[in-house]
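Trainee: Sharing a structure with you now.
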Amino acid sequence: MKLTVIGSGYVGLTTGACFAEVGHQVVCVDNDERKVQSLLAGRIPIYEPALEPLVRKNVASKRLRFTTSTEEGVDHGEVLFIAVPTPPQPDGSVDLSFIEKVAREISQYLDSYRVVVDKSTVPVKTGERVAQTIRRYAKPGVEFDVVSNPEFLREGSAVEDLMKPDRIVIGGNSDRALAIMQKVYEPFVAPVLVTDINSAELIKHAANSFLALKISYINAVAEICEAAGADVLKVADGIGTDKRIGRAFLDAGLGYGGSCFPKDIAAFIAISEQLGTPFNLLKEVQRINSRQIDRFLDAIREALWVLKEKRIAVWGLSFKPNTDDVRSSVAVSLVERLVAEGANVVAYDPKAMEKAKELAVGRKIQFADSAIDAATGAEALIIATEWPEFAAVDLSELRDKVRTPLIFDGRNIFDPVAVASFGFQYRGIGRGVVAERN
Ligand code: UDX
């Protein structure tokens, strides 16, 4: 099928490449000329495992093209996917102006029937607005349908999530459009859930906020574990083996970050308030999440007393492993807070240092070439992101390199007993029992 994806960011680019991989003829549109040039040369602007080879392969086989022209995109695709940013606004609601602009641009070039698909994460009822906008600006009599088809990919495993999804959600109010969408997804082996537009939009916000709720739930339990003398890892395993609960997203830590959860939870709260049905539970989810970093800093201050001029090693800057994305990264927030208190931060991240250097805080810290280099001479070591290489570090070598053996493990990557046996004083998240044993 001939498909067009408008917006070649994380979601748009991965979606376009995966559609091409299964045999569709795909045009990806982006208004950033430099990005388009680099994509045509097979260079992608983000670190995402498996994506670059996929883009290269499909560009070479001519199933994937990039352009800056929306007109070319509208002309090419029988289905037009909108995958442009929906950034947060200060009050938590979402800035839908990019979506609205694309809707107007599409309508300008619309000559015959197209399915216009909203892939970006948007509040419920956006599809209705997109349809209204296109109708208003398009030539009279031109036919189209609007469909909501939310994307559930995770950064770091985006290609796999897209090629083998748990489910595909298609929300639409027209049989013609739904039949076309079913055909688009035929090559993907996954259950397809067909709904109305509003339900599909709600599924995305409800899914992400439920996952955030799980994280905040276990983080709240972690605080109780610390107070009571229990190990949150054991509690998470114990409740997670219940199939009704599931072990996923029950890893206690510094809290959730990234470009999706914080924004989507705020947006869900905002739209629920606009609809007159405030979702107060989610406010508690947010509150617990932001408390995690405060509690962690309290523990660091408690151990170090004064942070000013202390050399503190921070392992991990990306918002989670296997990505170079530092947007709304809790690790970066932590570094900012340490710097604000006068600490000398030496950071190391396997992939995210280039992006971190572009941030304001990037000019105020040192970057090391390896985890061990960062820890050398450190008066405390903080683990902020759980990259696999950190857990595999030689603890004996680490003990020799640090100035004072204090580990603050914000992602529970270490076995507290093992690190203690090398002479470290250890503090994880929700690991009350072990702290006492030490
Ligand atoms: C998320 C959703 O998972 C995905 O379906 C949606 O399409 C986009 O948003 P992503 O932001 O890429 O994906 O990352 P995810 O793996 O969900 O992690 C989000 C945050 O939660 C990270 O900061 C991670 O460190 C944190 N997290 C995750 C925890 O603190 N504990 C957990 O148990 C799981």
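Trainee: Between ARG291 and ILE239, what FRET efficiency comes out of the Förster formula 1/(1 + (r/R0)^6) with R0 = 22 Å and r the beta carbon distance, rounded to 0.05?
Mentor: 0.55
Trainee: Project the alpha carbons of region 368-408 onto their principal axes and report the range along each, largest first, in whole Å.
Mentor: Taking the Cα atoms of region 368-408, the three principal extents are 24, 18, 17 Å.
Trainee: Determine by what factor the alpha-carbon radius of gyration of region 353-437 differs from 2.2 N^0.38 Å, reporting the quotient.
Mentor: Ratio of Cα Rg to 2.2 N^0.38 Å: 1.14.
Trainee: Specify the angular offset, from 0 to 90 degrees and rounded to the nearest 10, of the alpha carbon long axis of helix 97-109 from the longest principal axis of the alpha carbons in the chain.
Mentor: Helix 97-109 and the main axis of the chain meet at about 20 degrees.
Trainee: Let me ask something else about it. Using alpha-carbon pairs under 8 Å, 6+ residues apart, how would you state the relative contact order of region 373-413 in percent?
Mentor: 60
Trainee: Moving on to the next point. For region 294-386, what's the relative contact order in percent, using C-alpha pairs closer than 8 Å and at least 6 residues apart?
Mentor: Computed value for region 294-386: 38 percent relative contact order.
Trainee: Moving to a separate point now. Starting from the Kirkwood Rh over alpha-carbon pairs, what translational D in µm² s⁻¹ does region 286-336 have by Stokes-Einstein at 4 °C and 1.567 mPa s?
Mentor: 106
Trainee: Based only on Cα atoms, what mean projected area does the convex hull of the chain have, in nm²?
Mentor: Projected over every direction and averaged, the Cα hull of the chain covers 21.6 nm².
Trainee: Expressed in whole Å with the largest first, what are the equivalent ellipsoid semi-axes of region 277-408 derived from the C-alpha gyration tensor as the square root of 5 times each eigenvalue?
Mentor: For region 277-408, the semi-axes come out at 25, 17, 15 Å.
Trainee: Follow-up. If you restrict to DSSP beta bridges whose two residues both lie in the chain, what percentage is antiparallel, to the nearest 5?
Mentor: Within the chain, antiparallel bridges account for around 10 percent of the total.
Trainee: Based on the Kirkwood radius over alpha-carbon pairs, what value in µm²/s does the Stokes-Einstein equation return for the translational diffusion coefficient of region 1-83 at 20 °C and 1.002 mPa s?
Mentor: 178
Trainee: First obtain the Kirkwood hydrodynamic radius of region 17-149 from its Cα pairs, then insert it into the Stokes-Einstein equation at 37 °C and 0.692 mPa s, and state the resulting D in µm² per second as a whole number.
Mentor: 207
Trainee: Measure nothing but the geometry: give the 0 to 90° angle between the long axis through the Cα atoms of 280-304 and the longest principal axis through the Cα atoms of the chain, rounded to 10°.
Mentor: Between helix and principal axis, roughly 30 degrees.
Trainee: What are the principal axis extents of the Cα atoms in region 112-207, in Å, biggest first?
Mentor: Each principal axis gives a Cα extent; for region 112-207 these are 43, 26, 21 Å.
Trainee: Here is a further query. If packing is taken as the average count of other Cβ atoms within 10 Å, what order do 188-196, 420-428 fall into, highest mean first?
Mentor: Highest mean packing first, the order is 420-428, 188-196.
Trainee: Now for a separate question. Once fully extended, how much extra length lies between LYS183 and ARG104, figured as 0.36 nm per residue of separation less the alpha-carbon to alpha-carbon distance?
Mentor: Fully extending the segment from LYS183 to ARG104 adds 25.8 nm.
Trainee: Just need the relative contact order of region 169-248 here, percent rounded to a whole number, with Cα pairs under 8 Å and 6+ apart.
Mentor: It rounds to 22 percent for region 169-248.
Trainee: Right, another one. At a Förster distance of 30 Å, what's the computed FRET efficiency of ARG363 paired with SER396, Cβ-Cβ distance as r, to 0.05?
Mentor: According to the calculation, E is roughly 0.30.
Trainee: Among MET181, MET163, which comes first, second and so on when ranked by fewest other beta-carbon atoms within 10 Å?
Mentor: Fewest-to-most Cβ neighbours within 10 Å comes out as MET163, MET181.
Trainee: Something else about it: Taking neighbour Cβ counts within 10 Å as the exposure measure, how do ASP242, ASP409 sort from fewest upward?
Mentor: The most exposed by this proxy come first: ASP242, ASP409.
Trainee: Compute the acute angle (0 to 90°) between the alpha-carbon long axis of helix 175-184 and the principal axis of greatest extent of the alpha-carbon atoms of the chain; round to the nearest 10°.
Mentor: On a 0 to 90 degree scale, this one is about 60.
Trainee: Still on this model: Go through SER107, ALA50, GLY12 and say which Cα lies farthest out towards the positive end of the charge dipole of the chain; charges sit on Cβ, +1 for Lys and Arg, -1 for Asp and Glu.
Mentor: Toward the positive end, the furthest listed residue is SER107.
Trainee: Run the numbers for ARG135 and ASP111: contour at 0.36 nm per residue of separation, minus the present Cα-Cα distance, in nm.
Mentor: 7.4 nm
Trainee: Expressed as a whole percent, how much of the Cα-Cα distance distribution for region 161-309 exceeds 23 Å?
Mentor: Cα-Cα pairs in region 161-309 separated by more than 23 Å: 53 percent.
Trainee: Could you line up GLU309, GLU160, GLU379 from fewest to most neighbouring Cβ atoms inside 10 Å?
Mentor: Going from least to most buried by this count: GLU309, GLU160, GLU379.
Trainee: I would also like to ask the following. State the three equivalent ellipsoid semi-axes of region 197-268, derived from the C-alpha gyration tensor as the square roots of 5 times its eigenvalues, in descending order and whole Å.
Mentor: Semi-axis lengths for region 197-268 are 26, 15, 8 Å.
Coordinate-derived values only; no laboratory data. Being a predicted model, the structure only gives us computed values, none of them experimental. Methodologically, a virtual Cβ is constructed for each residue, glycine included, from the backbone with ideal geometry; neighbour enumeration extends over all protein chains shown.
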